[in-house]
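The values are calculated or read from the model by the stated rules, or taken from the named source; none is laboratory data. Just so we're clear, the structure is a prediction, and the values are computed from it rather than from any experiment. So basically every Cβ, Gly included, is an ideal-geometry build from the backbone, and we count neighbours across all protein chains shown.
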Amino acid sequence: MSFTSNRQVKVFNHPDCFIPGWYWALPSRQLRVGQVKPVTLQGRDLALYRGRDGRAIAVDAYCPHMGAHLAEGRVEEDGLRCFFHNWKFNTQGHCIEMPGVEPLIPLQIQTWPTAEHYGLIWVWTGTTPSSPPPTVPELEQADCDVRLGAHFYKNCHPNVVMINAIDAHHFNTVHNLPLEIHFVKQDRQDKAILFSNTTRGGQDSWLIRLIQPLYKQEGTYSLCYWYGSTGTVTLGPDCLHFYILFTLRMLPEGKTEGQTVLITPKRSGVAGWLLNRLILQVTQWVGNYFARGDTRIFQTIQFDFQTPTKADQSIIQFIQHLEQQPAIAWKTWVPLAVVPTPGELALSSQSMPEVIGCNLQD
C-alpha cells in the first residue's frame, strides 16, 4: 500500500485542506499606499489594500451588501470604500459609512492579520498569529538585505515540492553530488521542523577535497520548514552562508504557486552594500542551479510513495510532522477535525509500507 492510494495520511498532499499559518500574498513593492488589489489565497478571495498609515490590510473580498468585490473600490485614508454603493469599511472591518442608510446597519467583514517580512506581505489564515512569519534560524535577530528570486508554478501539491530539498538521495542522482547527505531532525517550539546535514565525507572527489578546508566539520546544509509550505535553506562554507527562503501556496486541484527570496545579513558602509549585491547574486545562481535539475519532475510527477527506502527517512519524518498539525479547509479556512491522536499516528506508521532498512518511528 502507498501513502496516497489508501489515504492513510489526512493532511499531507491533500487538495482540500492545509495547515494554518503565514502565507505569502504579494510582494510588498506591488502594493503602494492608496492601492487595493484582489488576492486569492488558499482558495479564499481577499482584498488587500495599503492605507495612508502604510499598513497592509487584508479583508474578505465581497461586500456584505450585494457581494461586490471590494478590490473594485478605493482606499480612503485607512479605510476601504466599496465601488458599488459606497459603503466604507475601517481597518477592523466595521462598516462606518452607508450613504442613504439611516441608522447604520451594524456590519463587519472578516479581516485577517498581516505582516511584512523579507519583502513580502504575509497573511495569517486564522484569528491570532501564534508566531512571527518564517525567518532563517541563523538570522532571527539580524537586519537583512533581500532580493526576490524566482516566481514559479508547479504541477503538484506544495507538500510534494517541499520534499525535494530533503530528498537526500536525489542529490546524487539528479545533481551528481559526490557525497551522501544524511539529515538529523529537530522539532522547534514554533511547530517548525529543522533538518540538518551531518555528512563530511566525499574523500574520493577532488572537488570535495578542494573545498573541505572551508568546513571545520560537516558541510553546512540545513532546512527549516513551516506549515508544509514554506522553508528556508542555509548552505555554504563556514566563512559565508547563503540563505534562500521558498514559500508556496496551494492552487485549485492541489497545484503550487511559489516565490523564492534571497537573503543575507546587512553589512555596513558602501563596501558592505556592494558586497551584499554580489552575495545575493551568487545566492541566486546557487538556487537556480538546484532548481533547474528538478523542474521537469514536478511538472509530471504523480506522487505515490509506494517503496520508501532508508534514504527517505527525512521525508517520512516530514510527513509524520504534518500529520500532527491542525488543519483547516481549503477556501473556507474552517478548522477540521482531521488531526490524528499520537496513538493513531503510531498505528498509521505501522501500517505504512515497509521501509528498506529504515525505522519509521521518530
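Numbers for the structure displayed
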{"read-out": "Residue within segment 283-303 that is in contact with a helix residue (DSSP H, G or I) (Cβ under 7 Å, 6 or more places away or on another chain), assigned to a helix (DSSP H, G or I), among the hydroxyl-bearing types (Ser, Thr, Tyr) and in contact (Cβ under 8 Å) with a residue 40 or more places away in the chain present", "value": "no"}
{"read-out": "Residue in segment 45-68 that is of a type in the set (Asp, Glu) and over 30 Å from Gln324 (Cα atoms) present", "value": "yes"}
{"read-out": "Failed criterion for Cys95 (all others in (1) surrounded by fewer than 18 Cβ atoms within 10 Å (Cβ to Cβ); (2) not assigned by TED's automatic domain parsing to the domain that holds Thr307 hold)", "value": "(1)"}
{"read-out": "Residue count, segment 221-260 (criterion: of a type in the set (Gly, Ala, Ser) and at negative phi)", "value": "4"}
{"read-out": "Criterion: within 23 Å of Val174 (Cα to Cα) and among the β-branched types (Val, Ile, Thr) - qualifying residue of Ile263, Ile319", "value": "Ile319"}
{"read-out": "Some residue of segment 5-14 being of a type outside the set (A, V, I, L, M) and over 18 Å from Gln325 (Cβ atoms)", "value": "yes"}
{"read-out": "Cβ-Cβ under 7 Å pairs, at least 6 apart or on other chains, segment 22-36 side of a type in the set (Val, Ile, Thr), far side in a loop (DSSP other than H, G, I, E, B)", "value": "Val33/Arg52; Val33/Gly54; Val36/Gly73"}
{"read-out": "Residues of segment 253-281 satisfying the condition of being among the aliphatic types (A, V, I, L, M), in contact with a Leu (Cβ under 9 Å, 6 or more places away or on another chain) and either over 16 Å from Asp143 (Cα atoms) or assigned to a helix (DSSP H, G or I) (or both)", "value": "Ile279, Leu280"}
{"read-out": "Residue identified as modelled with pLDDT under 95, surrounded by 15 or more Cβ atoms within 10 Å (Cβ to Cβ) and within 24 Å of Asp312 (Cα to Cα) among Tyr221, Tyr215", "value": "Tyr221"}
{"read-out": "His151 vs. criteria in contact (Cβ under 8 Å) with a residue 60 or more places away in the chain and more than 19 Å from the chain's Cα centre (by Cα)", "value": "no"}
{"read-out": "Members of segment 98-113 found to be assigned to a loop (DSSP other than H, G, I, E, B), surrounded by fewer than 16 Cβ atoms within 10 Å (Cβ to Cβ) and over 29 Å from the mean Cα position of the chain (by Cα), listed by number", "value": "Pro99, Gly100, Val101, Glu102, Pro103, Leu104, Ile105, Pro106, Leu107"}
{"read-out": "Segment 57-76 residues that are touching a residue at least 40 places away in the same chain (Cβ under 8 Å), paired with ones that are in a loop (DSSP other than H, G, I, E, B) and of a type in the set (Ser, Thr, Tyr) (beta carbon under 8 Å, 6 or more apart)", "value": "Ile57/Thr91"}
{"read-out": "Qualifying residue in segment 328-341 (condition: in the same structural domain as Asn155 (by TED's automatic domain parsing) and over 24 Å from Thr125 (Cα atoms))", "value": "no"}
